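Single-structure report; data block below.
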Number of protein chains: 2
Amino acid sequence: MDGEEFRIRGREMIDYITEYLDGITSRPPYPKVSPGYLRELIPDQAPRMGESWAAVKADIERVIMPGVTHWHNPHFHAYYPTGNSYPAILGDMLSDAIACIGFTWASSPACTELEVSMMDWIAKMLQLPREFLFSEEGKGGGVIQGTASEATLVALLSARTAAMHKLREHKPDMTQGQMLDKLVAYTSEEAHSSVERSSLIGMVQMRLLQTDAKGALRGVTLESAIKEDREKGLFPFFLCATVGTTSRCSFDNLAELGPICTQEGLWMHVDAAYAGSACICPEFRHLLDGVEHSMSFNFNPHKWMRVNFDCSTMWFKDRYSVTEAFEVDPLYLKHDHQGKAMPDYRHWHIPLGRRFRSLKVWFVLRMFGVSGLQQQIRKDVLLAHQFERLVLADPRFEIFGEVVLGLVCFRFKGDNAINERLNKMINDDRRIHITPSAVKGTYFLRFAVCASSTQGADVTYAWSVVKEMADKVAASTAK
Amino acid sequence: MDGEEFRIRGREMIDYITEYLDGITSRPPYPKVSPGYLRELIPDQAPRMGESWAAVKADIERVIMPGVTHWHNPHFHAYYPTGNSYPAILGDMLSDAIACIGFTWASSPACTELEVSMMDWIAKMLQLPREFLFSEEGKGGGVIQGTASEATLVALLSARTAAMHKLREHKPDMTQGQMLDKLVAYTSEEAHSSVERSSLIGMVQMRLLQTDAKGALRGVTLESAIKEDREKGLFPFFLCATVGTTSRCSFDNLAELGPICTQEGLWMHVDAAYAGSACICPEFRHLLDGVEHSMSFNFNPHKWMRVNFDCSTMWFKDRYSVTEAFEVDPLYLKHDHQGKAMPDYRHWHIPLGRRFRSLKVWFVLRMFGVSGLQQQIRKDVLLAHQFERLVLADPRFEIFGEVVLGLVCFRFKGDNAINERLNKMINDDRRIHITPSAVKGTYFLRFAVCASSTQGADVTYAWSVVKEMADKVAASTAK
């Protein structure tokens, strides 16, 4: 395909995208296919000779669309939202055209420098402590990671390196393995599964600490865990606190946890993957109170800030603590400007190569403006409260936890089994799509406001489906 | 920006992309900016209100382009190529529009299933052993990782888990740390820096073994290292072999190394990040001889197979060996079809979320056909040999190593210092862009055929620049 053909096919794709997104309610949020459906629809090997665009394009509807879970259908209420917007798509198109690999400053200066500026822009939108900014005199700075899982892992590994340096100072004869056996990390029992996974990768013990009734990890709990572990001769070094858990959007108490971490020499990492976006609204910023005590912080603009996946923004108070954990420096990646005013981002994360992701961020921030992004957050939170009222108005249902942002956790009053049945019926029905969760043995349903186009009528619709299914479940139980 | 505006802006972007790529020779391959250039050109915070597309678009040329290293300029010969093509861009556009997060089968069946099929397609193109395919009866299968660095890390971590299981069977009382202290991994001294980095993350000792004169790690070297380490009471568990090193495109001897790994119980991972693509041509397939002994294999279609970054394809002989290393399983990610015919890819890599990357692979494979992709490889190898002949025709120069694929390593006869000066002059001149490397103390220049549009005239041009600069260096040395 040459440039002249691309001009035509590109326009066709632009039209297709517009029609797909603007007409998405005509497709079910959750597809009706069984595992293995696709293999039957395509050849079992690549074609020898190139095919025409017409053949490829026709297969989008024939092969792909029947098996897509349409996350941007306003009847999709599963997981958490994932970002999408026309400006972000335009930014990604440009990134794909430039197709540079920004591993060092020299490998594409604009790629590194726009990211540096965007990280400062977003830090200011969130009113993050000044120490996290590049533009300050200190050692702060931010980077775009792919996902929050990677951010958590990078934080844990950086903290591990720092802790091992400390241990080695006191006990220079310890082996690496002996040091690892001493290290202990903490997170709450309600933290995302990727946090525990980071400890498996990092080969350190991680304790999942109990939360309070509201799902918050509290200072006293951490304090006594640290004390207990020190008495056992262990070396507590890391806490991953969550602002907006995946299960029920609960909030660890950073203001209590932070000072304890500072005093006890623990690295506090704050994972605000979903909730972070809301903190660009002054009325929600208090959710981050205490973040000033953290060594690293991340949230996902690709969740709730209209930026397409992947874009997980992460800041460090001391950027050298991450580069120290990862730096290896071969000649073929050295350049004249190394180590000067601008970072070499390859030392900041697990991959070496990186796309020009800051373009989509730049396009989104400029075309929506802070005000436009705040509007999105506020609308979605109002919609969640609308759903909450509908739940509360039906005496058969209860809200699980508290509705603070765009997630409503609710359940049919009764045992878990009936809620599991209800969940299955709702999803098998396929008019809306939700996902369940469980906390401390209680199973519940999650209603998340996901697609940016979701409106009040979609919330009413979702509730009508839930109610209809609940009637059926209740009837079958009564029998 | 609504759909109607996107139809217009999208077309503008399509036109911009076409003009950018088709007119790329009018821009220098390496930009003339200093660190910090971009910060001066944009505001220091996000705008309060949304801006117009006209304002954003104008800034692409004003802010971004002056600082871009143009990897797709045919005078760019640095690092290794990175893929780009119109079909891949179209695939990514569609992926961005669907914007699903394919962490489980249920979160978007098409996303998982197309990837499964594409991994089998590519495995067949490479004539990988049948055990690596999903479509076989065994436990094989492949996954798209972001980068080769991640693939290496995933291989090392999977091997580590397997090794620790074995160790635990024999010595159930060992702590994790004690086991880690025993583990030893191997790679060659010429392997990519990310391999060593994976051992830092994995907290295992890694020995960088000596290569032979051609840059190959040989069986006898590995054998004696294993013996030495076993005598020390260590537990050798992993080898990362390279097919096409970054420094000079040398090739470890898989046919010798593989049987030793099998016999000694080591997990052999083969990293063919760059060279792998060439193995779709029968005449280069022998470079992979011995891969049948590996437990895992990866290469980067995003390097030399016209697929845009990121796309690093990785296969396992036993896919359960990777899921076992990473599996954590919360309720909010469970679904009815779990563990059946199709994989849940979230267990196969470091991130949880994932883009619909197989779309761009599918578009590229279908629109180029295997034959079109082979043509690209063959053309680039011929161009490398053309450059090689030009180097050899000048008695002041020598080739370093052997030209097998699209990389020519060469040097001005003399000491390293003169070659460092030559490298600096070529890059400061900015008509072409190259990167140097060094092996066993010898510094040399690397000429890689990168942009897919590179032609014979570009090779002649590059050599004329090198010659001109060499004349200057020689003149200044003679003084």
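The values are calculated or read from the model by the stated rules, or taken from the named source; none is laboratory data. From a predicted model like this one, the values you see are computed outputs, not experimental measurements. Because the Cβ atoms are built from the backbone with ideal geometry, glycine has one as well, and the counts that use them run over all protein chains shown.
Of all residues in region B:194-221, exactly one satisfies the criterion of being within 14 Å of another protein chain (Cβ to nearest Cβ) and without any contact (Cβ under 8 Å) to a residue 12 or more places away in the chain, namely B:Leu200.
Evaluating A:Pro81 against the criteria (1) outside any loop (DSSP other than H, G, I, E, B); (2) of a type outside the set (S, T, N, Q); (3) in contact with a helix residue (DSSP H, G or I) (Cβ under 6 Å, 6 or more places away or on another chain) leaves one unmet condition, (1).
Listed here are the residues, each with its yes/no results for (1) in a helix (DSSP H, G or I); (2) not basic (Lys, Arg).
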site: B:Arg11; (1), (2): yes, no
site: B:Thr18; (1), (2): yes, yes
site: B:Thr25; (1), (2): yes, yes
site: B:Val33; (1), (2): no, yes
site: B:Glu51; (1), (2): no, yes
site: B:Val56; (1), (2): yes, yes
site: B:Ile64; (1), (2): yes, yes
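Restricting B:Arg411, B:Arg431, B:Arg389 to those that are in a loop (DSSP other than H, G, I, E, B) and farther than 30 Å from A:Ala46 by Cβ reduces the list to B:Arg431. Does region B:250-259 contain at least one residue that is among the hydrophobic types (A, V, I, L, M, F, W, C) and under 27 Å from A:Ile350 (Cα atoms)? Yes, because at least one residue in region B:250-259 is among the hydrophobic types (A, V, I, L, M, F, W, C) and under 27 Å from A:Ile350 (Cα atoms).
Does A:Phe6 meet the test of being surrounded by 15 or more Cβ atoms within 10 Å (Cβ to Cβ), more than 8 Å from chain B (Cβ to nearest Cβ) and either touching a residue at least 12 places away in the same chain (Cβ under 8 Å) or more than 27 Å from A:Ser453 (Cβ to Cβ) (or both)? Answer is no for this residue. Applying the condition of being more than 8 Å from chain B (Cβ to nearest Cβ) and either without any contact (Cβ under 8 Å) to a residue 12 or more places away in the chain or under 20 Å from A:Val307 (Cβ atoms) (or both) to region A:53-77 and asking which residue is surrounded by the most Cβ atoms within 10 Å (Cβ to Cβ) yields A:Phe76. Counting residues in region B:367-384 that are within 14 Å of another protein chain (Cβ to nearest Cβ) and farther than 30 Å from B:Ser117 by Cα gives zero. Just so you know, in region B:318-350 the residues that are in a helix (DSSP H, G or I) and farther than 22 Å from A:Phe309 by Cβ include one that is modelled with the lowest pLDDT, and it is B:Leu331.
Residue check: A:Gly233 meets all listed conditions (1) away from chain B (no Cβ under 14 Å); (2) among the small types (Gly, Ala, Ser); (3) over 19 Å from A:Ser296 (Cβ atoms) but one, namely (1). Considering only region A:17-32, state which residues are more than 16 Å from A:Trp71 (Cβ to Cβ) and either buried (at least 19 other Cβ atoms within 10 Å of the Cβ) or touching a residue at least 12 places away in the same chain (Cβ under 8 Å) (or both). Selection gives A:Thr18, A:Lys32.
Considering only region A:129-140, state which residues are in contact (Cβ under 8 Å) with a residue 12 or more places away in the chain and either surrounded by fewer than 21 Cβ atoms within 10 Å (Cβ to Cβ) or within 13 Å of chain B (Cβ to nearest Cβ) (or both). Outline the logic, then answer.
Step one: list which residues in region A:129-140 are in contact (Cβ under 8 Å) with a residue 12 or more places away in the chain, which gives A:129, A:131-135, A:138-140.
Residues satisfying the conditions are A:Pro129, A:Glu131, A:Leu133, A:Phe134, A:Ser135, A:Gly138, A:Lys139.
Might you check whether a residue that is under 24 Å from A:Arg11 (Cα atoms), aromatic (Phe, Trp, Tyr) and either in contact with a Phe, Trp or Tyr (Cβ under 9 Å, 6 or more places away or on another chain) or modelled with pLDDT under 95 (or both) occurs anywhere in region B:103-117? No, region B:103-117 contains no residue that is under 24 Å from A:Arg11 (Cα atoms), aromatic (Phe, Trp, Tyr) and either in contact with a Phe, Trp or Tyr (Cβ under 9 Å, 6 or more places away or on another chain) or modelled with pLDDT under 95 (or both).
Looking at the structure I just gave you, is A:Ala110 within 7 Å of another protein chain (Cβ to nearest Cβ) and under 31 Å from the mean Cα position of the chain (by Cα)?
On the way: within 7 Å of another protein chain (Cβ to nearest Cβ): yes; under 31 Å from the mean Cα position of the chain (by Cα): yes.
Yes: the conditions hold for A:Ala110.
Pick out the one residue from B:Lys479, B:Lys467 that is among the charged types (D, E, K, R), at pLDDT below 95 and either surrounded by fewer than 16 Cβ atoms within 10 Å (Cβ to Cβ) or not assigned by TED's automatic domain parsing to the domain that holds B:Gly215 (or both). Step by step, each of B:Lys479, B:Lys467 is checked, and only B:Lys479 is among the charged types (D, E, K, R), at pLDDT below 95 and either surrounded by fewer than 16 Cβ atoms within 10 Å (Cβ to Cβ) or not assigned by TED's automatic domain parsing to the domain that holds B:Gly215 (or both). Taking the criterion of being surrounded by 24 or more Cβ atoms within 10 Å (Cβ to Cβ) and in contact with a Gly (Cβ under 8 Å, 6 or more places away or on another chain), the only residue of region B:259-269 that qualifies is B:Met268.
Take the residues in region A:413-460 that are charged (D, E, K, R) and surrounded by 19 or more Cβ atoms within 10 Å (Cβ to Cβ); name whichever of them is nearest to the other protein chains (Cβ to nearest Cβ).
Let us first name the residues in region A:413-460 that are charged (D, E, K, R), namely A:413, A:415, A:420-421, A:424, A:428-431, A:440, A:446, A:458.
Checking the rest, the ones that are also surrounded by 19 or more Cβ atoms within 10 Å (Cβ to Cβ) come to A:446, A:458.
On the way: A:Arg446: 7, A:Asp458: 18 Å.
Only one residue fits best here, namely A:Arg446.
The residues of region B:227-246 that are touching a Gly at 6+ places or on another chain (Cβ under 8 Å) and of a type in the set (Val, Ile, Thr), listed by number, are B:Val243, B:Thr245.
Taking region B:165-191 as the range and being polar (S, T, N, Q) and more than 11 Å from every other protein chain (Cβ to nearest Cβ) as the test, the residues that pass are B:Thr187, B:Ser188.
Given the options B:Gly401, B:Gly353, name the one that is more than 9 Å from chain A (Cβ to nearest Cβ), part of a loop (DSSP other than H, G, I, E, B) and among the small types (Gly, Ala, Ser).
Details: B:Gly353 fails: more than 9 Å from chain A (Cβ to nearest Cβ).
Just one listed residue meets the conditions, B:Gly401.
All conditions in (1) surrounded by fewer than 22 Cβ atoms within 10 Å (Cβ to Cβ); (2) at the interface with chain A (Cβ under 9 Å from one of its Cβ atoms); (3) hydrophobic (A, V, I, L, M, F, W, C); (4) within 16 Å of A:Phe356 (Cβ to Cβ) hold for B:Met49, with the sole exception of (4).
Within region B:9-43, restricting attention to residues that are among the acidic types (Asp, Glu) and at the interface with chain A (Cβ under 7 Å from one of its Cβ atoms), which residue is farthest from B:Asn73 (Cα to Cα)? Steps first, answer last, please.
We begin by selecting, within region B:9-43, every residue among the acidic types (Asp, Glu); these are B:12, B:15, B:19, B:22, B:40.
Going one step further and asking which of them are at the interface with chain A (Cβ under 7 Å from one of its Cβ atoms), we end up with B:15, B:22.
Numbers: B:Asp15: 18, B:Asp22: 10 Å.
This residue is B:Asp15.
Return the only residue of B:Gly276, B:Gly258 being touching a Ser or Thr at 6+ places or on another chain (Cβ under 9 Å), within 25 Å of B:Phe235 (Cβ to Cβ) and not in a loop (DSSP other than H, G, I, E, B). Walk me through it before giving the result.
On the way: B:Gly276 fails: within 25 Å of B:Phe235 (Cβ to Cβ).
Only one candidate qualifies: B:Gly258.
Hey, among A:Lys232, A:Lys124, which residue is surrounded by fewer than 16 Cβ atoms within 10 Å (Cβ to Cβ), free of Cβ contacts under 8 Å to residues at least 40 places away in the same chain and out of contact with any Ser or Thr (no Cβ under 8 Å at 6 or more places or on another chain)? Give the derivation first.
On the way: A:Lys124 fails: surrounded by fewer than 16 Cβ atoms within 10 Å (Cβ to Cβ).
Step by step, each of A:Lys232, A:Lys124 is checked, and only A:Lys232 is surrounded by fewer than 16 Cβ atoms within 10 Å (Cβ to Cβ), free of Cβ contacts under 8 Å to residues at least 40 places away in the same chain and out of contact with any Ser or Thr (no Cβ under 8 Å at 6 or more places or on another chain).
Residues satisfying the criterion are present in region B:290-308 (criterion: free of Cβ contacts under 8 Å to residues at least 60 places away in the same chain, surrounded by fewer than 24 Cβ atoms within 10 Å (Cβ to Cβ) and over 29 Å from A:Leu153 (Cα atoms)). Applying a threshold of 6 Å to beta carbon distances and a minimum spacing of six or more residues, or different chains, the list of pairs starting in region A:385-399 at a residue that is at pLDDT 95 or above and surrounded by 15 or more Cβ atoms within 10 Å (Cβ to Cβ) and ending at one that is assigned to a helix (DSSP H, G or I) and among the aliphatic types (A, V, I, L, M) reads A:Gln386/A:Val459; A:Phe387/A:Val459; A:Phe397/A:Val391; A:Ile399/A:Val391. Every listed requirement among (1) under 23 Å from A:Ala88 (Cβ atoms); (2) in a helix (DSSP H, G or I); (3) assigned by TED's automatic domain parsing to the domain that holds A:Ser250 is met by A:Ile377 save one, (3).
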